[in-house]
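Take a look at the structure below.
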Amino acid sequence: MERSLSMELVRVTEAAALESARWMGRGVKDEADDAATTAMRSVFDTIPMQGTVVIGEGEMDEAPMLYIGENLGTGDGPGVDVAVDPLEGTEIVAQGTWNALTVIAIADKGTLLHAPDMYMEKIAVGPEAVGMIDINASVYDNLKAVATAKNKNIEDVVATVLDRPRHAKLIEEIRSSGARIKLIPAGDVAAAINTAFEDTGVDILLGSGGAPEGVIAAAALKCLGGEIQGKLLPSNDEEIERCERMGIIDLNKVFYMDDFCSGDDAIFAATGVTDGELLKGVQFKGSKATTQSLVMRAKSGTVRFVDGEHSLQKKPNLVIK
């Protein structure tokens, strides 16, 4: 892939963040998501690549833009798989809380998992604990392994878990182990990424969330040298059939990093919409707006934080009529 695509992707996530941030705290998540999706699609049209959406807003009959199978880019340049979540944390933006992001991952064509839209059990860690976790092991054993890898007491380990009723038993097991928990309302892509940055205070992600988000998180962690493992959790016959169409007969199959992202290269970009542990959200300052983005590439191991200042006078569409 062309390394110049890294900054092109930042332009995409910045545009989506600027548009969706106008809806922060207004209680309407669909409008925020639509704004981010429209902005992303518009900028994608200017990027020199031959992209195909493998993780997107849904199937063609469910999503007017950024649907699975949609072609993106000018049609010139490298062929790439595109995994996109125009607004990770629609409810977060609607309520004006923490850690909403606009995110994109790309990789060489044919290397990203076409994950079905269903739940997936996940475990993710940063570089220090790579090779130490096992999704089939007990919660205690994984927490103890992370504590050992990071030279901590288990009581100092912080696990991030989506705050959902389905995680009641998991939460109790984490608490019984002595570890601490950060419950989050949404946004497990951000939570997975946070495990790779010491300053976030997060050591491990546990629990179930969307399988498509698992692919995006895997691309990010591949750039950061982290690790993610997952197991699909089909909940009905239709979802079981979707797994079978993917060639997954053993529903206990564990997906490892190379299953999520099989190539040696990936580029990930994210821009904060609301403030989080890792990225600041969009700030509107009179005639200007500021953004903070993260962009990284697996092949080079480069991680960049990009601060942007945008003239609202030259981007009049940012004003909601």
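Anything in region 206-241 that is of a type outside the set (D, E, K, R) and either in contact with a His (Cβ under 8 Å, 6 or more places away or on another chain) or farther than 19 Å from Phe268 by Cα (or both)? List them, or say none. Across region 206-241, the qualifying residues are Leu206, Gly207, Ser208, Gly209, Gly230, Leu232, Leu233, Pro234, Ser235, Asn236, Ile240.
Yes or no: Asp250 free of Cβ contacts under 8 Å to residues at least 24 places away in the same chain, part of a loop (DSSP other than H, G, I, E, B) and not aliphatic (A, V, I, L, M)? Steps first, please.
Details: free of Cβ contacts under 8 Å to residues at least 24 places away in the same chain: yes; part of a loop (DSSP other than H, G, I, E, B): yes; not aliphatic (A, V, I, L, M): yes.
Against the criterion (free of Cβ contacts under 8 Å to residues at least 24 places away in the same chain, part of a loop (DSSP other than H, G, I, E, B) and not aliphatic (A, V, I, L, M)), Asp250 qualifies.
A single member of Glu31, Glu14 is free of Cβ contacts under 8 Å to residues at least 40 places away in the same chain, open to solvent by 20 Å² or more (accessible area, probe 1.4 Å) and of a type in the set (Asp, Glu), and it is Glu31.
Out of Ala63, Ala107, Ala94, which single residue is in contact with an Asp or Glu (Cβ under 6 Å, 6 or more places away or on another chain) and more than 19 Å from Asp45 (Cβ to Cβ)? Working first, answer last.
Working: Ala63 fails: more than 19 Å from Asp45 (Cβ to Cβ); Ala94 fails: in contact with an Asp or Glu (Cβ under 6 Å, 6 or more places away or on another chain).
On inspection, the qualifying residue turns out to be Ala107.
Look at (1) touching a residue at least 40 places away in the same chain (Cβ under 8 Å); (2) under 23 Å from Val295 (Cβ atoms); (3) not hydroxyl-bearing (Ser, Thr, Tyr) and you find that Arg41 fails only one, number (1).
Specify which of the listed residues (Glu31, Glu19, Glu91) is among the acidic types (Asp, Glu), farther than 20 Å from His114 by Cα, in contact with a Phe, Trp or Tyr (Cβ under 6 Å, 6 or more places away or on another chain) and in a helix (DSSP H, G or I). Steps first, answer last, please.
Values: Glu19 fails: in contact with a Phe, Trp or Tyr (Cβ under 6 Å, 6 or more places away or on another chain); Glu91 fails: in contact with a Phe, Trp or Tyr (Cβ under 6 Å, 6 or more places away or on another chain).
Within the list Glu31, Glu19, Glu91, the selection yields Glu31.
Regarding region 151-162, can at least one residue be identified that is open to solvent by 10 Å² or more (accessible area, probe 1.4 Å) and within 26 Å of Leu87 (Cβ to Cβ)? Yes, region 151-162 contains at least one residue that is open to solvent by 10 Å² or more (accessible area, probe 1.4 Å) and within 26 Å of Leu87 (Cβ to Cβ). Scanning region 278-298 for residues that are out of contact with any strand residue (DSSP E or B) (no Cβ under 8 Å at 6 or more places or on another chain) and either without any contact (Cβ under 8 Å) to a residue 40 or more places away in the chain or under 21 Å from Ile216 (Cβ atoms) (or both) turns up Lys285, Gly286. On inspection, Lys231 passes the criterion of being out of contact with any Pro (no Cβ under 6 Å at 6 or more places or on another chain), open to solvent by 10 Å² or more (accessible area, probe 1.4 Å), among the basic types (Lys, Arg) and farther than 25 Å from Ala94 by Cβ.
Considering region 188-205, and only residues there that are open to solvent by 10 Å² or more (accessible area, probe 1.4 Å) and part of a loop (DSSP other than H, G, I, E, B), the residue that is farthest from Ile104 (Cα to Cα) turns out to be Gly201.
Please verify whether Glu128 is in contact with a helix residue (DSSP H, G or I) (Cβ under 6 Å, 6 or more places away or on another chain), closer than 19 Å to Ala191 by Cβ and charged (D, E, K, R), treating the condition exactly as stated. Here the answer is yes, as Glu128 does meet what is asked. Select from region 68-93 the residues that are small (Gly, Ala, Ser) and surrounded by 24 or more Cβ atoms within 10 Å (Cβ to Cβ) and write down the one among them that is farthest from Ala107 (Cα to Cα). Step by step, filter region 68-93, then rank; the result is Gly89. Taking the criterion of being out of contact with any Leu (no Cβ under 9 Å at 6 or more places or on another chain) and surrounded by 15 or more Cβ atoms within 10 Å (Cβ to Cβ), the residues of region 45-67 that qualify are Ala63, Met65, Tyr67.
Applying the condition of being among the β-branched types (Val, Ile, Thr) and at pLDDT below 95 to region 234-275 and asking which residue is least open to solvent (accessible area, probe 1.4 Å) yields Ile248.
Go through region 206-222 and give me each residue that's closer than 15 Å to Val303 by Cβ and either assigned to a loop (DSSP other than H, G, I, E, B) or open to solvent by 10 Å² or more (accessible area, probe 1.4 Å) (or both). Reasoning before the result, please.
Residues of region 206-222 closer than 15 Å to Val303 by Cβ: 219-222.
Hit for region 206-222 is Lys222, nothing else.
The values are calculated or read from the model by the stated rules, or taken from the named source; none is laboratory data. Every value quoted in this text rests on a predicted model; they were computed, and no experiment measured them. Here Cβ is always computed from backbone atoms with ideal geometry, including for glycine, and neighbour counts include all displayed protein chains. Calculation scope for accessible area: heavy atoms of the full protein, side chains included, ligands and nucleic acids excluded. Shrake-Rupley method; radii C 1.70, N 1.55, O 1.52, S 1.80 Å.
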